[in-house]
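The structure appears below as structure tokens.
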Amino acid sequence: MRDQSHMEQVERWANFVRDNPTQWKKIHTKFINALFQKNAEVIQRLLQQPNGKQKLIELYDIKNVEGCEWLK
Amino acid sequence: MDRQISDRNILDAFCEEFCAIIDKYCQYIVVSGFLAIASGRTRGTEDIDMIIERISRDKFEALFRELEYHNFLCMQSASFVEAYDYLTENLSLRFTKKDKPVPEMEVKFAKDLLDTYQLRQRIKLPLTGLKVWFSNVNINIAFKEELLKSPKDMEDARHLRIVFKEMVDEHEIKEVKKMIRELRL
């Protein structure tokens, strides 16, 4: 359960975005791209496991398996 | 606001490319979490939620084919007929790029007066730096505070209230919350 201090951090950051319109985006982009970079690394590791492909199909609830180039 | 292209993140680029195609065929809005994230909220998401106006099957076929041509993949089906059935049953279609499982765009048809109202009130938000139509800020705050209500959603609403302070209209938020209670709860 998140406590009040977490909401205070949300407010601090929102005020930073509001008060620094030319600075927030670079920091934010680094953060968002890092999440996707980590995701891509884990997917590559999973694909090397014996049941990795099946796990990913379940994880992303993929029905159009043939169309997914990244699974091949 | 001037911004370098390199400042665009993976979600921004994916969203703009997808929206540019949808925009040729119908009205759309990007709603919920991505509006908060594109406005600076630092949290992760794998999907972007989109509502589009209801379109005919023929028009949808042309849209589906163009998405495929631009390397977007429908996760549920390669058949536009099956995909269209999802939409008409008020289920969402999920699209990714063919070479990556994320991010994904979740697309739904407008299903009631509230969605139609959102489409009518759509706006562009210069703070995001994106050429994308968003659902208006007051409607998003109302949905997050009245319907969704998870800690993540309440934090998104708080973020929106601060960064868009000049746009927050308590009267509109109250009216939309009333519509949510009548149509969704």
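The values are calculated or read from the model by the stated rules, or taken from the named source; none is laboratory data. Here the structure is a predicted model, which is why all the values come from computation and not from measurement. Backbone-built Cβ (ideal geometry, glycine too); neighbour counts: all protein chains shown.
Scanning the range B:107-118 for residues that are in contact with a strand residue (DSSP E or B) (Cβ under 8 Å, 6 or more places away or on another chain) and surrounded by fewer than 18 Cβ atoms within 10 Å (Cβ to Cβ) yields a single hit, B:Lys108. The set of residues in the range B:70-81 being more than 25 Å from B:Asn9 (Cβ to Cβ) and either under 18 Å from the mean Cα position of the chain (by Cα) or within 13 Å of chain A (Cβ to nearest Cβ) (or both) consists of B:Gln76, B:Ser77, B:Ala78, B:Ser79, B:Phe80. Looking across the range B:17-68, the residues that are aliphatic (A, V, I, L, M), more than 17 Å from B:Lys131 (Cβ to Cβ) and assigned to a helix (DSSP H, G or I) come down to B:Ala36, B:Ala62, B:Leu63, B:Leu67. For the range B:83-96, the tally of residues that are charged (D, E, K, R) and more than 9 Å from chain A (Cβ to nearest Cβ) stands at 2.
I need the full set of residues from the range B:7-16 which are at pLDDT below 95 and either in a loop (DSSP other than H, G, I, E, B) or buried (at least 21 other Cβ atoms within 10 Å of the Cβ) (or both), in order please. The answer is B:Arg8, and nothing else. Search the range A:16-52 for residues being loosely packed, with under 15 Cβ neighbours inside 10 Å and over 25 Å from B:Arg43 (Cβ atoms), and hand back the single one that is farthest from the other protein chains (Cβ to nearest Cβ). Here the residue is A:Pro50.
Does A:Val10 satisfy the condition of being more than 23 Å from B:Ala13 (Cβ to Cβ), at pLDDT 95 or above and either surrounded by 16 or more Cβ atoms within 10 Å (Cβ to Cβ) or in contact with a Lys or Arg (Cβ under 6 Å, 6 or more places away or on another chain) (or both)? Answer is yes for this residue. Scanning the range B:98-128 for residues that are within 14 Å of another protein chain (Cβ to nearest Cβ) and touching a helix residue (DSSP H, G or I) at 6+ places or on another chain (Cβ under 7 Å) yields a count of 9. Let me spell it out: the conditions are (1) modelled with pLDDT of 95 or more; (2) polar (S, T, N, Q); (3) under 25 Å from B:Ile162 (Cα atoms), and B:Gln4 meets all of them except one. Which number is the exception? Here B:Gln4 clears every test but (1).
Out of the residues in the range B:24-69 that are of a type in the set (Ser, Thr, Tyr) and touching a residue at least 12 places away in the same chain (Cβ under 8 Å), state the one that is nearest to the other protein chains (Cβ to nearest Cβ).
Going residue by residue through the range B:24-69, those that are of a type in the set (Ser, Thr, Tyr) are B:25, B:28, B:32, B:39, B:42, B:45, B:56, B:69.
Those still in the list that are touching a residue at least 12 places away in the same chain (Cβ under 8 Å) too: B:25, B:28, B:32, B:39, B:45.
Values: B:Tyr25: 21, B:Tyr28: 22, B:Ser32: 16, B:Ser39: 7, B:Thr45: 9 Å.
The qualifying residue nearest to the other protein chains (Cβ to nearest Cβ) is B:Ser39.
Residues that are in a helix (DSSP H, G or I) and aliphatic (A, V, I, L, M) were ranked within the range A:53-66; the one that is surrounded by the most Cβ atoms within 10 Å (Cβ to Cβ) is A:Leu56.
Of the residues making up the range B:54-106, just one is surrounded by fewer than 13 Cβ atoms within 10 Å (Cβ to Cβ), of a type in the set (Ser, Thr, Tyr) and under 20 Å from B:Ala20 (Cβ atoms), namely B:Tyr69.
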